[in-house]
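Inspection log for the structure reproduced underneath, given as structure tokens.
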Amino acid sequence: MPMLATDDGVRLHYEEAGSGVPIVFVHEFAGDHRSWEPQLRHFARAYRCIAYNARGYPPSEVPPDVDRYSKARAADDIRAVLDALKIEKAHVVGLSMGANATLHFGLSYPQRALSLTFAGGGYGSHPETRAKFQEESRANADTIRRHGMGHFVSTYGLGPTRVQFQNKDPRGFDEYLRQFREHSDAGSINTLLGVQSRRPSFYAMTEKLAKLEVPLLVMTGDEDEPSLEASLMVKRCAPLAGLAVLPKSGHGINLEEPALFNALLGRFLHEVDLGRWGRRDARSAVASIYGPGPRPELPK
């Protein structure tokens, strides 16, 4: 079983397939490296694909100390994967919790990223929902502690942004729940308390996002309500960002709509590899009630 070590000595399990330009896939809270199977099977035809389990997700190690889990540590663990596999630069693709780690990685180590994909990210970032998200993360940790993963998955796993997947692909949805139930109680609790409940809001990082000089693809489902506003904000801030909204789709879009997800991601990666994914034309950044750009003078 392939393992690699992080800077602080935590061993992470990873799998890889294919050869060529590397892509690193970073999973969501409710997933693990297996969640990226539709992408590894597709992109390994042309790329070197790596998917790994975050700390707290067996067979990766589960540190017992919650202080060894944080958004900064999650971003550094992406770098540790690159270092251990002797990869100078890679495309990094993240979903939800993994998307947040991916964007923080890009902000901290832009020189190591060929591109960044921020899919279903930004939960708990909006000022109106931030406190509630932090409270819910702590409550979810308490639920797992008192009742175990099986009970937790039976509620959290069927939330309002997951029913779209269940309706489209019941068989795939059952597999997602089955894999989710296999997660470590302790690892999930520490992830909720150390990463989810303590990560900063991207709304407090708009100046950093405006200076991000890395190609960025922002993806979200149109029914993934907690992600929509934050995704649009990130797209408007980052000068090399593009936004893809998948219709009638929820949170786990890489599993819910694998063909569409792969097509959009593949086009993005191809344009980046060709040097065709440039910054936004300044002429398009017109002022709006939300968006960037100089506000035009009103007629006198």
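Every number here is computed from the coordinates shown, using simple stated rules; none is lab data. Being a predicted model, the structure only gives us computed values, none of them experimental. All Cβ positions, glycine included, derive from the backbone under ideal geometry; neighbour counts span all protein chains shown.
May I ask you to compute the full-extension gain from ASP83 to GLU207, defined as 0.36 nm times their residue separation minus their alpha-carbon distance, rounded to one decimal in nm?
So the extension gain works out to 41.8 nm.
If you place +1 on the Cβ of every Lys and Arg, -1 on the Cβ of every Asp and Glu, and leave all else neutral, what size is the dipole of the chain about its Cα centre, to the nearest 20 Debye? Walk me through the numbers before you get to the answer.
Values: 37 positive and 36 negative charges, 136 e Å.
Rounded to the nearest 20 debye, it is 660 debye.
Mean-square fluctuation check for the chain, GNM, Cα pairs under 10 Å: which of ASN100, ASN167, ASN53 is largest?
Looking only at ASN100, ASN167, ASN53, the largest GNM fluctuation is found for ASN167.
Sequence gap at least 6, Cα distance under 8 Å: using those rules, report the relative contact order of the chain to the nearest whole percent.
Relative contact order for the chain comes out at 18 percent.
Can you give me the Cα centroid spacing of the range 1-65 and the range 218-256 in angstrom?
With the range 1-65 and the range 218-256 each reduced to a Cα centre, they are spaced 23 Å.
Just to confirm the number: angle between the C-alpha axis of helix 170-181 and the first principal axis of the chain, 0 to 90 degrees, nearest 10?
Helix 170-181 sits at roughly 60 degrees to that axis.
Looking at the range 155-229 from every direction and averaging, what is the projected area of its Cα convex hull in nm²?
Averaged projected area of the range 155-229's Cα convex hull equals 7.0 nm².
What percentage of all Cα-Cα pairs in the range 97-236 are separated by more than 23 Å?
It works out to 41 percent of all Cα pairs.
I need the P(r) histogram for the range 3-280: all alpha carbon pairs, bin width 5 Å from 0 out to the longest distance, whole percents.
Final binned percentages: 1, 6, 13, 19, 21, 19, 13, 6, 1, 0, 0.
Specify the residue with the greatest mean-square fluctuation among LYS211, LYS235, LYS71, computed from a Gaussian network of the chain linking alpha-carbon atoms under 10 Å apart.
Taking springs between Cα atoms under 10 Å, the residue moving most is LYS211.
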